[in-house]
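The values are calculated or read from the model by the stated rules, or taken from the named source; none is laboratory data. These numbers come from a predicted model, not from an experiment. In this analysis, Cβ positions are derived from the backbone assuming ideal geometry, glycine residues included, and neighbour counts consider all displayed protein chains. Protein only, heavy atoms only, side chains kept; ligands, DNA and RNA dropped before computing areas. Shrake-Rupley method; radii C 1.70, N 1.55, O 1.52, S 1.80 Å.
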Amino acid sequence: MKNNIKVQRAIKNLTQEQLAHLVNVSRQTIMAIEKEKYVPSTVLSLKIAAVFEKPLDEIFQLEDSDWQ
Amino acid sequence: MKSNYLFSPVFKKIGWILFVIGACFMTLYLCGVIHDLLPCTVFSIIPASDGFFGKGGFLLRNDGWEDEISIILVSVALLCISFAREKDEDEYISHLRLESWIWSILANTILLIAGTLFVYGFLFMYFAWFYFFSLFLLFICRFYYELYKMRRNKDEE
């Protein structure tokens, strides 16, 4: 699953630390999600979408490999 | 998403203290420095000399407590360390925790097979003692290595 959290953070002018604080996780978790090393839970994904005030699928996109 | 099966973070410290005491005690016992400590009558479910299905059933016998104390101390200590919540525990750390358990179960099985194939005679008893705790030890090594790798990654933005 791809995501554009880094772009969304830049739009909102948020650091990883600030976003992590808003969604109640560690900065390393945000970093792992941005690097696509970790796929967040539905709850965390919805929290991130709520912070950016965007629909979920505008931030997270499925890849072809996710369907296999 | 909170993992409610975990203990408070303070249990990590308690666990390490118990582990040091238990490991020292176990080493002294296995080296033969202490034996027949606090000998008393204990309750044995399976008679020691008659094998698993031996006659006699429940039995009272005389024994020391050093091996029981050391095994229980080290087991409780490792359980406390393994199940202590990290101060910044979140879902990514829970994910690392789960992955580390899976890895340690696989590694522990490989260790058992390797030990069975390559360790013989009296040495196998020491291997069996180590195997009592190896699942926890492997998990602790793997999990804290994963946490170390995660935390040293400082690159921002």
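Step by step: first the residues of segment B:86-110, then only those that are under 18 Å from the mean Cα position of the chain (by Cα) and of a type outside the set (A, V, I, L, M, F, W, C), then the one that is farthest from A:GLN28 (Cα to Cα). Which residue is that? Across segment B:86-110, the extreme among qualifying residues is B:THR109.
Checking B:PHE130 against (1) open to solvent by 40 Å² or more (accessible area, probe 1.4 Å); (2) over 23 Å from B:LEU30 (Cβ atoms); (3) free of Cβ contacts under 8 Å to residues at least 40 places away in the same chain; (4) not in a loop (DSSP other than H, G, I, E, B), only one condition comes out false. Which one? Answer for B:PHE130: the failing condition is (2).
Taking the criterion of being more than 10 Å from B:LEU73 (Cβ to Cβ) and either among the aliphatic types (A, V, I, L, M) or assigned to a helix (DSSP H, G or I) (or both), the residues of segment B:25-39 that qualify are B:THR27, B:LEU28, B:TYR29, B:LEU30, B:VAL33, B:ILE34, B:LEU37, B:LEU38. Taken together, the residues in segment A:7-30 that are surrounded by 16 or more Cβ atoms within 10 Å (Cβ to Cβ) and within 16 Å of A:PHE60 (Cβ to Cβ) amount to 7. From the list B:TYR144, B:TYR131, B:TYR120, exactly one residue is touching a Gly at 6+ places or on another chain (Cβ under 7 Å) and not β-branched (Val, Ile, Thr). Which is it? Exactly one residue qualifies, and that residue is B:TYR131.
Tell me, which helices (runs of 4 or more DSSP H) wholly within chain A include 3 or more residues that are touching a helix residue (DSSP H, G or I) at 6+ places or on another chain (Cβ under 8 Å), within 21 Å of B:ASN153 (Cβ to Cβ) and of a type outside the set (Gly, Ala, Ser)?
Once the helices (runs of 4 or more DSSP H) in chain A are filtered for at least 3 residues that are touching a helix residue (DSSP H, G or I) at 6+ places or on another chain (Cβ under 8 Å), within 21 Å of B:ASN153 (Cβ to Cβ) and of a type outside the set (Gly, Ala, Ser), what remains is A:5-12, A:16-23, A:27-34.
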